[in-house]
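The values are calculated or read from the model by the stated rules, or taken from the named source; none is laboratory data. If you're wondering where the values come from, they're calculated on a predicted model, not measured in any experiment. Methodologically, a virtual Cβ is constructed for each residue, glycine included, from the backbone with ideal geometry; neighbour enumeration extends over all protein chains shown. The accessibility values were calculated without ligands, DNA or RNA, using every heavy atom of the protein model including side chains. Shrake-Rupley method; radii C 1.70, N 1.55, O 1.52, S 1.80 Å.
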Amino acid sequence: MTAAAELMDYDEVIAKFDPVLGLEVHVELSTNTKMFCGCPVTFGGEPNTQVCPTCLGLPGALPVVNEIGVASAIRIGLALNCEIAEWCRFARKNYFYPDMPKNFQTSQYDEPIAFNGYLDVELEDGTVVRVDIERAHMEEDTGKSLHVGGATGRIHGAEHSLLDYNRAGVPLIEIVTKPITGTGSRAPEVARAYVTALRDLLRALDVSDVRMDQGSLRCDANVSLMLKDATEFGTRTETKNVNSLRSVERAVRFEMTRQAAVLESGGTIRQETRHFDESTGSTSSGRAKETSEDYRYFPEPDLVPIAPSREWVAELRQTLPEMPWVRRKRIQQEWNLSDLELRDLLNLGAVDVIAATVDAGASPAEARAWWVSNLAQEANTRGVELGDLPITPKQVAEVIKMVAEGTLTNKMARSVVEGVLTGEGEPADVVEKRGLKVVSDDSALIAAVDEALAANPDILDKIRSGKVQAAGKVVGDVMRATKGQANAKRVQELVLERANA
Ligand SMILES: [Zn+2]
């Protein structure tokens with residue numbers, strides 16, 4: 001049975017059904033320490049080196065709430081236009097899983113810290129879709145299992161499994177939308193645009209590094225279909241841990257075409273979790289979905305309730321940054337960009353680095369030119385984001401300044417940037433090491449000019465008789481003699497000056 005045979009053509013899906021989405025995004029906070037203990041949260045440590053009795057769930061260990069974690073949750077709630085609870089509690093979500101040593105996850109259940117908000121999401125063509133937010137609640141992450149010896153990295157077929165508890169207890173905020181309806185054929189695009197907007201917002205809030213590839217931002221996509229004339233939602237599936245923006249879009253689209261084919265053939269949709277396979281773009285069946293009763297939630301007895309004062313909430317509101325969409329509009333105006341130009345910069349992920357380069361003193365046009373041409377190509381070759389290149393906006397601004405001051409030609413500037421990228425140091429160091437300086441010392445130039453004129457007596461005669469354009473060859477000789485490090489304009493001036501002296 002091939003996957004293709006089970007799918008309905010997308011246009012046919014849209015003609016018959018209305019999709020309903022629900023998106024759950026988990027974001028790992030970039031606090032220094034875990035949510036309920038003092039262990040560090042840095043990514044990539046040796047397995048089981050960032051653990052203590054509390055996050056390992058050892059008997060007698062007691063949790064303490066991370067205040068910055070709570071503050072981050074409130075700021076996220078405020079940025080999502082949510083109400084902030086005056087009083088709320090943590091709850092135990094009980095289940096066994098090897099990567100969760102306490103046998104329960106400390107989460108929030110019916111008393112989330114933030115609820116009833118919205119996020120306005122702009123699609124590619126400028127259409128704005130309001131996505132209602134059900135809640136944003138605090139919880140802790142689980143550890144990680146590594147299944148060894150199987151072909152897929154999943155537990156099926158593995159010979160043994162390894163457990164790493166470094167991530168157990170890392171603060172998470174789960175942001176849950178209300179059902180998103182009425183998006184029709186654009187449902188996959190809306191899902192992607194929502195996660196993109198949320199990621200930008202969280203990045204602006206500086207509460208997480210929002211790296212989908214490292215799992216610090218994870219999206220579960222709930223999808224169901226209802227017949228055009230139906231009044232009740234269909235049964236949904238939940239595709240877990242979709243770990244790129246593109247995958248969010250693909251996973252939603254795949255589920256729509258798969259579910260439509262099942263429904264069309266008279267089948268029913270099983271309420272279940274599904275896994276998304278990046279390589280095939282398809283989802284496969286996971287476990288049957290639990291209901292909340294299965295988890296036997298009850299209030300966490302080891303933690304006091306959270307009752308953020310209105311004064312504190314007001315203080316936190318003051319710390320909210322300029323929202324990304326407001327900033328985009330401002331930048332578009334300040335940099336004088338068309339909608340298309342702005343979109344290209346956004347797609348390149350270039351806006352932040354260009355803004356930082358402008359802040360460091362470069363003009364928007366120069367900064368844009370550098371990041372969008374040379375550096376974007378370099379980033380593409382290396383397969384990294386612009387912001388992860390080993391050159392800073394400040395260094396780019398320095399190079400731009402040297403060109404503007406006439407101490408570097410554009411060609412030399414490219415060499416300086418190349419030197420910085422290969423680790424030769426600051427731009428000034430590279431200039432020094434590579435001997436890149438425009439020769440502006442007239443005495444050195446005059447000697448070269450005199451020599452070139454003496455070698456070309458016929459040209460000298462022509463210049464003297466007023467044929468100024470004949471000087472071109474001599475200028476070229478001088479530029480070659482000085483290995484391109486002379487200022488061509490100054491050489492031209494000197495040739496005319498010396499010829500007529
Ligand atoms: Zn710990």
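Look through region 42-57, keep the residues that are touching a residue at least 40 places away in the same chain (Cβ under 8 Å) and either in a helix (DSSP H, G or I) or under 19 Å from residue 303 (Cβ atoms) (or both), and return whichever of them is farthest from the ligand (Cβ to nearest atom). Only one residue fits best here, namely 57. Test residue 19 against the stated conditions and say whether it is touching a strand residue (DSSP E or B) at 6+ places or on another chain (Cβ under 7 Å) and more than 16 Å from the ligand (Cβ to nearest atom). Spelling it out, residue 19 is indeed touching a strand residue (DSSP E or B) at 6+ places or on another chain (Cβ under 7 Å) and more than 16 Å from the ligand (Cβ to nearest atom).
Residue 238 fulfils the conditions (1) closer than 20 Å to residue 131 by Cβ; (2) within 23 Å of the chain's Cα centre (by Cα) except for a single criterion, (2).
Out of curiosity, is residue 134 within 16 Å of the ligand (Cβ to nearest atom), over 22 Å from the mean Cα position of the chain (by Cα) and in contact (Cβ under 8 Å) with a residue 12 or more places away in the chain?
On the way: within 16 Å of the ligand (Cβ to nearest atom): no; over 22 Å from the mean Cα position of the chain (by Cα): yes; in contact (Cβ under 8 Å) with a residue 12 or more places away in the chain: yes.
Here the answer is no, as residue 134 does not meet what is asked.
Within region 26-41, the residues that satisfy the criterion of being away from the ligand (no atom under 13 Å from the Cβ) and either outside any strand (DSSP E or B) or surrounded by fewer than 22 Cβ atoms within 10 Å (Cβ to Cβ) (or both) are 26, 29, 30. All of (1) at pLDDT 90 or above; (2) in a helix (DSSP H, G or I) hold for residue 361 with one exception: (2). Residues in region 138-153 that are within 20 Å of residue 214 (Cβ to Cβ) and at pLDDT 80 or above: 139, 140, 141, 142, 143, 144, 145, 146, 147.
Quick one: which strands (runs of 3 or more DSSP E) lie wholly within region 144-205 and hold at least 2 residues that are within 16 Å of the ligand (Cβ to nearest atom)? Break it down stepwise before answering.
On the way: elements: 144-148, 160-164, 171-177.
By residue number, 160-164, 171-177.
Given the criterion assigned by TED's automatic domain parsing to the domain that holds residue 370, modelled with pLDDT under 90 and out of contact with any Gly (no Cβ under 6 Å at 6 or more places or on another chain), identify the matching residue among 489, 411. Answer to the check: 411. Given the criterion open to solvent by less than 10 Å² (accessible area, probe 1.4 Å) and of a type in the set (Gly, Ala, Ser), identify the matching residue among 247, 161, 265. Criteria check complete, one pass: 247. Here region 95-117 is the region considered, the condition is being open to solvent by 20 Å² or more (accessible area, probe 1.4 Å) and outside any loop (DSSP other than H, G, I, E, B), and the residue that is farthest from residue 314 (Cα to Cα) is 104.
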